[in-house]
1. I need the peptides 68-74, 234-240, 137-143, 45-51 ranked by packing, meaning the mean over residues of other C-beta atoms within 10 angstrom, with the highest value on top.
2. Using +1 on the beta carbon of Lys and Arg, -1 on that of Asp and Glu, and nothing else charged, what's the dipole of the stretch 189-241 about the Cα centre, debye to 20?
3. Could you pull out which residues in the stretch 256-273 have an amide N less than 19 Å from a spot 7 Å beyond the Cα of Leu214, following the Cα-Cβ vector?
4. Kindly report, to the nearest 10 Å², the accessible surface of Met288 as traced by a 1.4 Å probe over protein heavy atoms only.
5. Placing unit charges on C-beta atoms (Lys and Arg positive, Asp and Glu negative, everything else neutral), compute the dipole magnitude of the stretch 55-179 about its Cα centre in debye, rounded to 20.
6. So what's the net charge close to Ser200: Lys and Arg +1, Asp and Glu -1, counting the other residues with Cβ under 14 Å from its Cβ?
7. Could you state the per residue volume, in Å³, of the convex hull enclosing the Cα atoms of the stretch 137-296?
8. Between Ala156 and Ala181, how high is the FRET efficiency from 1/(1 + (r/R0)^6) when r is the Cβ-Cβ distance and R₀ = 25 Å? Nearest 0.05.
Amino acid sequence: MTSPRSRYRPGAAPDYSHRFHAGNVGDVWKHCVLVEVLERARAARGAVVYVETHAGEGEYPLQSTGEWTEGIGRLWDDTAPAGADPVGRYVALCRRLAPSADRPTSYPGSSALARAVLGAGATLALWERDAAAYGRLAVHVGADPRTHLHRADGLAALADAVRDAEAAADVVVVLVDPSYAQKSDWHDVPDALIAAARGSARARILLWYPVKSLTRPNAMIARLRSAGVDAALAELVTTPLEHQRRRLNGSGVVLVRPPDGVLAALGGAAARLGARCATEARTWSYRMQAWGAIRP
């Protein structure tokens with residue numbers, strides 16, 4: 001059997017669609033972290049640029065069943081006040097963007113959440129290489145004059161995109177969110193992040209990664225640390241790693257230059273999400289690590 005080809009290699013047939021995974025627990029954790037960082041970017045003074053390397057479609061339809069039932073589906077009826085904590089803010093935002101309040105029938109992509117948090121004045125620079133996903137993204141974005149779309153390899157463009165954003169804005173937030181459809185992504189992605197971090201001075205860079213075991217995530221973290229990239233990781237596992245399955249066991253986010261207060265807020269968010277989204281007898285785990293100049 002031949003290995004599936006990556007959607008981010010020239011001439012390759014797509015082998016991944018986020019439609020199958022939208023709203024799952026990996027999305028929930030990634031977007032809780034993202035919204036917290038974006039809220040602080042919005043509160044800062046000055047122009048804001050949001051950069052995303054793998055923007056996808058912008059919005060995803062949800063069927064009656066799917067991975068979302070273990071993610072946003074478990075939080076949809078959360079009655080906590082909207083501004084009470086990171087989970088409350090994230091759920092309230094998803095509900096505000098949803099076409100129906102009864103149940104989630106669609107799930108917003110990261111760029112939709114970024115626009116909703118940052119407002120109309122922020123600039124969004126979005127990369128998406130897959131032709132079908134790019135077409136749907138363009139329809140979703142419409143004629144928004146402050147959203148700039150690039151049908152190109154966002155990972156390859158990352159370092160230049162971050163430098164350009166820093167030259168144009170006071171605050172820069174970057175999301176790197178690849179599919180990890182290829183084993184080589186676990187090397188190529190951190191290398192791109194290292195180059196972007198070394199070439200920037202202010203950008204707050206978020207790197208999401210899936211967890212099915214800790215072997216590849218730990219090797220990636222070691223690669224970043226050995227390269228001298230100061231950062232923190234926040235990792236939530238909602239299915240114990242000894243339970244092998246096709247869906248995610250969990251996911252993590254590496255934060256380069258996390259804003260003040262974010263890491264502390266994420267600890268409380270992890271406890272709420274772990275209790276709600278755990279799949280095996282409410283067993284979940286949370287890992288926070290910080291290195292270099294970053295303090296938890």
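The values are calculated or read from the model by the stated rules, or taken from the named source; none is laboratory data. Because the structure is a prediction, the values reported are computed rather than measured. Note that we place each Cβ from the backbone using ideal geometry, even for glycine, and neighbour counts take in every protein chain shown. These accessible areas exclude ligands, DNA and RNA; they are computed on the full protein's heavy atoms, side chains included. Shrake-Rupley method; radii C 1.70, N 1.55, O 1.52, S 1.80 Å.
1. Working: 68-74: 22.6, 234-240: 24.3, 137-143: 14.4, 45-51: 19.3.
The peptides rank, most packed first, as 234-240, 68-74, 45-51, 137-143.
2. On the way: 7 positive and 3 negative charges, 15 e Å.
Here the stretch 189-241 has a charge dipole of around 80 debye.
3. 267, 270-271
4. 50 Å²
5. Numbers: 11 positive and 17 negative charges, 59 e Å.
With only Lys, Arg, Asp and Glu charged at Cβ, the dipole is about 280 debye.
6. Details: positive: Arg163, Arg198, Arg202, Arg204, Arg257; negative: Asp160, Asp164, Glu166, Asp170, Asp230.
So the environment of Ser200 carries a net charge of 0.
7. Values: hull volume 22.7 nm³, N = 160.
Enclosed volume per residue, from the Cα hull, is 142 Å³.
8. Details: r = 16 Å, r/R0 = 0.65.
So, using R0 = 25 Å, E works out to roughly 0.95.
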